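Novice: Below: one structure in structure tokens.
The values are calculated or read from the model by the stated rules, or taken from the named source; none is laboratory data. Please read these numbers as outputs of a predicted model, since none were measured by experiment. Cβ placement follows ideal geometry from the backbone for every residue including glycine, while neighbour counts extend to all protein chains displayed.
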Amino acid sequence: MIAVVLVGGEGTRLRPLTLDEPKPVLPIGGVPFMSLLLDRLAAAGVTKVILSCGYLPDRLRAGIGTPPPGVDVEVVVEDEPLGTAGAIRFAAVGRVDGPFLALNGDVLGDADFGALVAAHRTAGATASIGLTPVDDPTRFGVVVHDAQGNVERFVEKPPNADGLGPAPWWVNAGAYVLDPSVLDMIPSGRMVSIEREVFPELVGRGLICVRSEGYWRDIGTLESFLTANADAVAGRVHTRLGGSENAVLIDPSATVADDAIVIGPVLIAAGASIGAGAEVGPDVVIGAGATVAPDATVRGSVLLAGARVSALATVERSAIGLNALVGERARVIDSALGTDEAAGAGEELVGERRPS
């Protein structure tokens, strides 16, 4: 089984974290997101993963980490943006000769890709779409289908739920199984959307959908990135971290002062340091080599590797980038600092991105 993963976007909603790191290798619970996705693909029997990339390909290659045993990873680089369908065609033509998985590369979840493949094969489908339930249909593309899973129509971001039946509503989860014949429907050399141009043409021609009620979250915004990290540590999504609701996961090489207050769920990675009287947690990930100085407070936040929070500083619902600095007595709330950026001593940032 081959999987094509779309990782071409620039992650603009997650800036400044994505100015020098592609979104798929940002850490979730201290592990590159793509590594967690590769774990799921390996569990589904995938042996080759093709990453269709158009942004910072060298950083993507470097940040993937070691693939699971038996999984080969190839990165192909788009010269120009091709849209979801165009990117799938670009990556798959000449590399697949049977049904293959195609995925959006920014969704943290635990749905069984193997079950999606099995349903596709059992139905003899041309294309299969994985679905996830939502309580608010107005932000998504709703997939209307019959009791057998045959797709009947798509309703893109409806203004309300009129005519869509009772909650929950089922939306495209960004995971597909495609027959190679679908590639023939995608024009080459231009932007093509699989959601808006290809799938509607397949209604009534072997297009099915498969429901999954597992965890699902797009990590593309600061809020969702922070939530995904907290959920991974808390075990709300199944990952290699093996977290739990009040987990306190501390690497043996990290140092935590005896009088520091650590409130789970929290993860403190290798080489990190928590000073005397500091308060860390809940819903916090402290990256490798990051430091939280004495009497500082970190809640609902992610510190990337090498980040530093100085004495008496406060960080809440924020992301602090690689080697970034929060100065003494500074307050960083609902904000993000990029690589090597700083909030000066005594400075207050609320709802800011640096650099903007």
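Novice: Quick one: would you say Y215 is aromatic (F, W, Y), crowded, with 16+ Cβ neighbours inside 10 Å and under 24 Å from G264 (Cα atoms)?
Specialist: Considered against the rule, which asks whether it is aromatic (F, W, Y), crowded, with 16+ Cβ neighbours inside 10 Å and under 24 Å from G264 (Cα atoms), Y215 comes out as yes.
Novice: Separate question: Those residues that are more than 19 Å from G174 (Cβ to Cβ) and among the charged types (D, E, K, R), I need them from segment 70-101; list them, please.
Specialist: Within segment 70-101, D72, E74, D79, E80, R95, D97 qualify.
Novice: Could you list, in sequence order, the residues of segment 105-138 that are of a type in the set (S, T, N, Q) and buried (at least 20 other Cβ atoms within 10 Å of the Cβ)?
Specialist: S128, T132
Novice: Read through the list (1) under 14 Å from E74 (Cα atoms); (2) assigned to a helix (DSSP H, G or I); (3) in contact with a Lys or Arg (Cβ under 9 Å, 6 or more places away or on another chain); (4) not charged (D, E, K, R), then give the number of the only condition that L51 fails.
Specialist: If we test L51 against (1) under 14 Å from E74 (Cα atoms); (2) assigned to a helix (DSSP H, G or I); (3) in contact with a Lys or Arg (Cβ under 9 Å, 6 or more places away or on another chain); (4) not charged (D, E, K, R), just (2) comes out false.
Novice: Name the single residue, out of those in segment 248-273 being farther than 21 Å from G289 by Cβ and hydrophobic (A, V, I, L, M, F, W, C), that is farthest from the chain's Cα centre (by Cα).
Specialist: Of everything passing the filter in segment 248-273, I261 is farthest from the chain's Cα centre (by Cα).
Novice: Can you report the number of residues in segment 202-247 which are acidic (D, E) and in contact with a strand residue (DSSP E or B) (Cβ under 9 Å, 6 or more places away or on another chain)?
Specialist: Residues flagged as acidic (D, E) and in contact with a strand residue (DSSP E or B) (Cβ under 9 Å, 6 or more places away or on another chain) within segment 202-247 amount to 3.
Novice: Further question on the same structure: Any residue in segment 178-193 that is closer than 24 Å to E21 by Cβ, touching a residue at least 12 places away in the same chain (Cβ under 8 Å) and among the β-branched types (V, I, T)?
Specialist: No, segment 178-193 has no match at all.
Novice: Within segment 87-100, identify whether any single residue is out of contact with any Leu (no Cβ under 8 Å at 6 or more places or on another chain), assigned by TED's automatic domain parsing to the domain that holds L183 and farther than 21 Å from V182 by Cα, and answer yes or no.
Specialist: no
Novice: While we're looking at this one, here's another question. Look through G130, G214, G163 and report the one residue that is assigned to a loop (DSSP other than H, G, I, E, B) and either touching a residue at least 40 places away in the same chain (Cβ under 8 Å) or under 30 Å from P22 (Cα atoms) (or both).
Specialist: Criteria check complete, one pass: G214.
Novice: Quick one: is V233 within 30 Å of V144 (Cβ to Cβ), touching a residue at least 40 places away in the same chain (Cβ under 8 Å) and among the hydrophobic types (A, V, I, L, M, F, W, C)?
Specialist: No.
Novice: Looking only at segment 50-90, how many residues end up being aromatic (F, W, Y) and more than 19 Å from the chain's Cα centre (by Cα)?
Specialist: 1
Novice: Farther than 17 Å from V4 by Cβ, assigned by TED's automatic domain parsing to the domain that holds V107 and either outside any helix (DSSP H, G or I) or out of contact with any strand residue (DSSP E or B) (no Cβ under 6 Å at 6 or more places or on another chain) (or both): does that describe A42?
Specialist: No; evaluated as a whole, the condition is false for this residue.
Novice: Considering each of A127, A173 in turn, give the residue that is within 20 Å of G220 (Cα to Cα) and among the aliphatic types (A, V, I, L, M).
Specialist: Checking each option against the conditions leaves just A173.
Novice: Follow-up. Could you tell me which numbered condition R15 fails, if it satisfies all but one of (1) charged (D, E, K, R); (2) under 15 Å from G220 (Cα atoms); (3) surrounded by fewer than 21 Cβ atoms within 10 Å (Cβ to Cβ); (4) under 14 Å from the mean Cα position of the chain (by Cα)?
Specialist: Against the list (1) charged (D, E, K, R); (2) under 15 Å from G220 (Cα atoms); (3) surrounded by fewer than 21 Cβ atoms within 10 Å (Cβ to Cβ); (4) under 14 Å from the mean Cα position of the chain (by Cα), R15 comes up short only on (4).
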